[in-house]
Structure formats: structure tokens, C-alpha cells
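Participant: Got a structure for you, written out below as C-alpha cells; questions coming shortly.
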Amino acid sequence: MDSMSPLISATSLYQHLEQGDVAVIDCRFALNDTSLGEKKYREAHIPGAYYAHLDNDLSSPVQPGESGRHPLPEPARLVQTFKRFGLHDTSSVVFYDDAGGAIAARAWWLCRWLGHAQCQVLDGGFKTWTHQQFPLSSEIPASGSGSFTKRPSLVSVAEAEQVLAPNRFLIDARDPDRYSGKHEPLDPVAGHIPGASNHPFASNLDADGRFLPADILRNNFTALIEQAAGKTLTHYCGSGVTAAHNILAMTAAELEPGELYAGSWSEWVQDPDRPADVRK
């Protein structure tokens with residue numbers, strides 16, 4: 001495991017900003033209004049922060065009939081995005097959002113996907129930052145000229161054809177109603193991948209939207225690890241975003257998190273021959 005915690009407090013981030021030794025990326029985004037996050041960013045953000053758009057910066061274009069809703073970005077394109085944010089291979093970077101870390105965790109995972117370990121998520125996000133009355137800015141930083149490079153990946157990725165293998169243990173990060181098939185607001189088929197267990201990403205958070213203490217997270221995931229009985233943990237969600245939240249939570253709990261099925265449910269259901277389990 002890496003020595004750097006995947007989470008950073010608002011107070012600690014403020015101290016690092018004062019010292020000028022951290023880069024900050026705003027990841028606010030709303031599925032029902034894809035321009036809202038950037039609008040909020042332009043109104044007020046953590047000073048010096050750049051903005052990363054989930055669809056445009058942290059994903060590849062959707063391939064109708066093939067991909068999920070948020071395919072992984074092309075690595076070379078993501079490297080250029082991080083260079084535009086002024087990142088170097090030695091940079092410490094903090095991602096934040098206003099959704100309990102749901103989007104920021106995707107950016108954190110992608111950063112590690114490119115081999116960069118010095119990345120964290122602001123615990124409590126923008127809400128905690130403003131609640132603690134730390135400074136805000138509406139100034140948009142100029143495009144940076146970083147020297148960020150792709151290095152050996154620090155995370156593991158599963159493909160659709162691998163997830164039903166007997167050595168995989170699936171963990172679905174969606175809310176219980178979507179997992180069970182009672183409610184499906186985004187994808188054309190309801191239910192979950194057969195054999196998957198449900199661990200909603202929101203269960204990693206307290207009432208204020210901060211991550212639960214590491215010992216509680218560790219205890220919460222232990223039952224799943226015991227069920228897995230040595231199998232590889234494979235995380236998925238609707239489109240490969242909130243599943244990264246479970247991976248981050250397990251990392252914060254100093255547990256081996258397993259791998260991400262990035263295509264997730266929205267990719268899975270593109271093929272009508274793939275099975276779906278519905279438990280209403």
C-alpha cells in the first residue's frame with residue numbers, strides 16, 4: 001500500500017496551498033445538468049483550482065451500442081489534460097467535488113491509473129471547505145505547461161469478458177434500488193450482474209459527507225472480503241465512476257481494493273446476451 005493517504009482534510013489542504021506545494025482540481029458535476037459543475041466552478045472555487053469535466057476530461061466519448069456512459073479516457077489525452085492543469089511527475093494533486101467524493105474518486109483513480117501516486121481527495125469536498133470558511137476565488141487560472149508523463153499503472157482494470165470468471169467477486173456500488181432492479185433512472189435494463197454483492201458508495205460517508213473513520217470502513221468491508229474467500233474483488237457501478245469511491249474507501253482503510261470494471265452496468269447491458277439479475 002502507498003504511504004500517502006487517499007484523503008486530505010480541508011485544514012491540511014489549506015496549509016499546503018499556503019505553502020504553494022499542491023495542485024487542486026475541481027471535479028463538480030451533475031448527471032442531470034452536465035454544465036452545472038463548471039458553472040459552479042466559475043462562480044467560486046478553491047483558489048488556483050482547475051476544472052475537470054467528467055464527460056469531457058475524465059471520460060472518452062460514448063460509443064453507442066458498445067461502451068458504457070463514461071468510458072475510460074484515452075491515456076495520452078488524459079496526460080495532456082493533466083499537463084494543461086500544470087501537473088508534473090512530482091506534483092501533489094488534490095481532487096474535490098460537491099458529491100461526497102463520488103466524482104473526485106474517479107479522478108483520483110484515473111491519476112493512479114496513469115501511475116501517479118501523489119494524489120488525494122478532499123474529504124468532505126467543497127461543502128467542508130466552505131463550511132470551515134477557507135478562501136474562495138472566481139479567478140480562472142491560465143492553462144499550465146506541466147511535464148506529466150504516463151508511468152506504470154498503480155491500479156487494476158477488468159474487462160466485461162472477465163467479470164463472471166469464478167475467481168472474481170463482484171461489488172456493486174449503486175444504491176440498493178438500482179442494484180435490485182426496483183428503480184433504474186439511467187440505463188435501459190434494470191438489475192445487476194449475477195453474483196454481485198451490493199455495497200452502496202454512500203455507505204462510506206457520514207451525515208456530513210465525509211468518509212467514515214478508517215477502522216469503521218475496514219470493518220464494513222471485512223464481511224465482503226470474507227465472502228470473497230480469496231477471489232479478486234471487482235468493483236462496478238453504473239458507469240465506472242462511483243465504483244472508484246469504494247476503491248478509495250478500501251484504500252483509506254488500508255485494505256487491498258481489487259480492480260475496477262470501468263464499463264460497469266451501462267456497458268454490461270449493451271450486449272443483450274449478458275445475464276442480468278433482478279431481485280424486486
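The values are calculated or read from the model by the stated rules, or taken from the named source; none is laboratory data. Fair warning: this is a prediction, and the values are worked out from it, not measured in the lab. Please note: Cβ atoms are built from the backbone with ideal geometry, for glycine as well, and neighbour counts cover all protein chains shown.
Participant: Which members of the stretch 8-54 meet the condition of being in contact with a Leu (Cβ under 8 Å, 6 or more places away or on another chain), aliphatic (A, V, I, L, M) and not in a loop (DSSP other than H, G, I, E, B)?
Facilitator: Correct list: 8, 10, 13, 23, 24.
Participant: What pairs can you find where one residue is in the stretch 174-192 and of a type in the set (Val, Ile, Thr), the other is modelled with pLDDT under 90, and their Cβ atoms are less than 9 Å apart, with a gap of 6+ or different chains?
Facilitator: From the stretch 174-192, the pairs are 189/278.
Participant: Exactly one of (1) at pLDDT 95 or above; (2) more than 15 Å from the chain's Cα centre (by Cα); (3) over 25 Å from residue 251 (Cβ atoms); (4) part of a loop (DSSP other than H, G, I, E, B) is unmet by residue 68. Its number?
Facilitator: Every condition holds for residue 68 apart from (3).
Participant: Looking at residue 207, is it at pLDDT 95 or above, crowded, with 22+ Cβ neighbours inside 10 Å and either over 15 Å from residue 68 (Cβ atoms) or not assigned by TED's automatic domain parsing to the domain that holds residue 99 (or both)? Reasoning before the result, please.
Facilitator: Values: at pLDDT 95 or above: yes; crowded, with 22+ Cβ neighbours inside 10 Å: no; either over 15 Å from residue 68 (Cβ atoms) or not assigned by TED's automatic domain parsing to the domain that holds residue 99 (or both): yes.
Here the answer is no, as residue 207 does not meet what is asked.
Participant: Residue 255 passes all but one of (1) farther than 26 Å from residue 66 by Cβ; (2) out of contact with any Lys or Arg (no Cβ under 9 Å at 6 or more places or on another chain); which number fails?
Facilitator: (2)
One line per residue, one yes/no per condition, for (1) out of contact with any Cys (no Cβ under 6 Å at 6 or more places or on another chain); (2) surrounded by fewer than 24 Cβ atoms within 10 Å (Cβ to Cβ); (3) β-branched (Val, Ile, Thr):
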site	(1), (2), (3)
231	yes, yes, no
239	yes, no, no
244	yes, no, no
247	yes, no, yes
262	yes, no, no
267	yes, no, no
273	yes, yes, no
278	yes, yes, yes
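Participant: Six or more apart or on different chains, Cβ under 7 Å: which pairs go from a residue in the stretch 216-230 that's assigned by TED's automatic domain parsing to the domain that holds residue 257 and farther than 12 Å from residue 256 by Cβ to one that's of a type outside the set (Gly, Ala, Ser) and part of a helix (DSSP H, G or I)? Could you list them?
Facilitator: 217/204
Participant: Do we have residue 239 as in a helix (DSSP H, G or I) and more than 14 Å from residue 156 (Cα to Cα) here? Please lay out each step first, then the result.
Facilitator: Working: in a helix (DSSP H, G or I): no; more than 14 Å from residue 156 (Cα to Cα): yes.
Answer is no for this residue.
Participant: Checking the condition under 30 Å from residue 80 (Cα atoms), out of contact with any Phe, Trp or Tyr (no Cβ under 6 Å at 6 or more places or on another chain), surrounded by 13 or more Cβ atoms within 10 Å (Cβ to Cβ) and of a type outside the set (S, T, N, Q), which residue from 136, 217, 164 passes? If you could, list the steps in order and put the result at the bottom.
Facilitator: Working: 217 fails: under 30 Å from residue 80 (Cα atoms); 164 fails: under 30 Å from residue 80 (Cα atoms).
The match here is 136.
Participant: Sticking with this structure for a sec: Is it the case that residue 126 is touching a residue at least 40 places away in the same chain (Cβ under 8 Å), farther than 19 Å from residue 255 by Cα and surrounded by fewer than 23 Cβ atoms within 10 Å (Cβ to Cβ)?
Facilitator: On the way: touching a residue at least 40 places away in the same chain (Cβ under 8 Å): yes; farther than 19 Å from residue 255 by Cα: yes; surrounded by fewer than 23 Cβ atoms within 10 Å (Cβ to Cβ): no.
The answer is no for residue 126.
Participant: Assuming residue 4 fulfils every condition listed in (1) in contact with a strand residue (DSSP E or B) (Cβ under 8 Å, 6 or more places away or on another chain); (2) without any contact (Cβ under 8 Å) to a residue 60 or more places away in the chain; (3) surrounded by fewer than 17 Cβ atoms within 10 Å (Cβ to Cβ) apart from one, which condition is it?
Facilitator: The single condition residue 4 does not satisfy is (2).
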